[in-house]
Structure formats: C-alpha cells, structure tokens
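Notes for the one structure printed next.
No value in this document is a laboratory result; all are computed from the given coordinates. Treat the numbers as computed from the prediction; the structure is a model and nothing was measured. As a convention, Cβ positions derive from the backbone with ideal geometry for all residues, glycine included, and neighbour counts pool all protein chains shown.
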Amino acid sequence: MVHTGNGKGKTTCALGLMMRAAGRGLKCCMIQFMKSRNDRYGEHESAEKLGIEVHTMGDGFTWDTKNPEQDIKTARDTWALCVEKMRSGDYDLLVFDELVYVLSYKMLPVEEVLDEFRTIRAAQPALHIVVTGRDAPPELIEAADLVTEMTEIKHPFTAGIRAQQGIEF
Ligand code: ATP
Ligand code: MG
C-alpha cells in the first residue's frame, strides 16, 4: 500500500490502519524515516498503549542536517531495520513512514527496495506493507496493490497556522 500526495493524511492514515489491525490481533510495527529520533510524538504514546511497536530512526528532515552523507547513512541504517523486520516473519502489518521521501530524494535506490519487497511478497504473501511520503516514484506505484494520493484542497499552514500538538505531532 502506498500513501502519497501533497495533502495531509499519509501518516495518520497508516496509524489509523494500525489501530484497526491491532484490534484484530494483527502484529504491527511502524518504522519512521526522517523524523527525529529525539522527539516524542503523540502517536508514540498511543502506540504504546495499543501494543504497537514504533521505531523512529531519523535525524529530522534533510534541511536539519545539511549533510548528505549522514542522511544516506541514516537512510541505509533505517532500511536495514525494515529488512530485518520484514524477514523476521514476526509481523502482519509493517509501516515504513517516509520511505517514499527517502526514495524520491535518491537516498536509497528504488530498485533495491523493490527487489526486497518482491522477495518478501513471495515468502510471506499475507504480510501487509504500507509506505508513505510525497512524490512516489512510478516504479513503486506500479509494484503496489493499493495507492492513495492525498490531495491538498486547503491546509491551515497556508493561513499561517503552525503545526498543532495532537494534530500534527
Ligand atoms: P499527517 O502526519 O498529519 O498525516 P502527512 O503524513 O500526510 O501528514 P507529511 O508529508 O509527512 O504529511 O508532512 C509532514 C508534516 O507536514 C506533518 O506535520 C503534516 O501535518 C504537515 N503537512 C501535511 N500536508 C501539508 C500541507 N499540504 N501543507 C502544510 N503542511 C502539511
Ligand atoms: Mg507523514
């Protein structure tokens, strides 16, 4: 499943899905690329209560580090954790939040990621994988079973309203 597009709702949709899946006893895990590993988001508090595993691996978005080599290394380390979780066979639903961002900024090669997904699809056909982020590359869209594009009609940010606790983080 791919959640892409410029509108708000890609990550929150994945969180909603995990909430539903956890209610059915599915084992869920979310791995967040790009977000800062030092920050605590609302979803971290709630996930803990629902028994949903969340790993936040990033240094924040690239404009925080301004160090492309560091960004690529962090992306690689985060992807290595994704691969470990997929191969473990321990999960029913895995969410790789902002993996699409990492692909669209060429911090990881799309082909490498798609090869791993193909192998996992053959080995564990029942495993659900969700990836989120703007500007999904065509190859990823082609490989997915479900693609939703969030379209911005209005966003309060344009009216100068900054990110709100509980709504954005
Ligand atoms: P959310 O986490 O709220 O579901 P998202 O995953 O769709 O949003 P991202 O592209 O991950 O959005 O954006 C990161 C941050 O930017 C989030 O805090 C989000 O609320 C905010 N945001 C999303 N869409 C817009 C937009 N169109 N204009 C301004 N800010 C946005
Ligand atoms: Mg998001």
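Values for this structure:
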| quantity | calculated |
| --- | --- |
| Mean shadow area of segment 38-167, taken as a quarter of the surface of its Cα convex hull (nm²) | 9.4 nm² |
| Local electrostatic count at Leu26 - Lys and Arg +1, Asp and Glu -1, tallied over other residues with Cβ under 15 Å | +1 |
| Pairwise label distance in nanometres, Thr119 with Asp39, each label 7 Å out on the Cα-Cβ vector | 3.3 nm |
| Segment Ile161-Glu111, length gained on full extension (0.36 nm per residue, minus Cα span) | 14.1 nm |
| DSSP bridge orientation in the chain - percent antiparallel, rounded to nearest 5 | 5 percent |
| Potential lengthening between Glu149 and Leu50 on full extension [0.36 nm per residue; Cα-Cα distance subtracted] | 32.9 nm |
| Cα-Cα over 24 Å, subset of Lys27/Lys49; Lys27/Lys73; Lys35/Lys66; Lys49/Lys106; Lys27/Lys154; Lys49/Lys73 | Lys27/Lys73; Lys49/Lys106; Lys27/Lys154; Lys49/Lys73 |
| Radius 15 Å from Cβ of Lys10, net charge of other residues (Lys, Arg +1; Asp, Glu -1) | -4 |
| Charge dipole (debye, nearest 20) of the chain; +1 at Cβ of Lys and Arg, -1 at Cβ of Asp and Glu | 420 debye |
| Positive-pole candidate from Leu94, Thr151, Met107, dipole of segment 50-169, charges at beta carbon | Thr151 |
| Calculated FRET value between Phe169 and Lys27, using beta carbons and R₀ = 25 Å, to 0.05 | 0.50 |
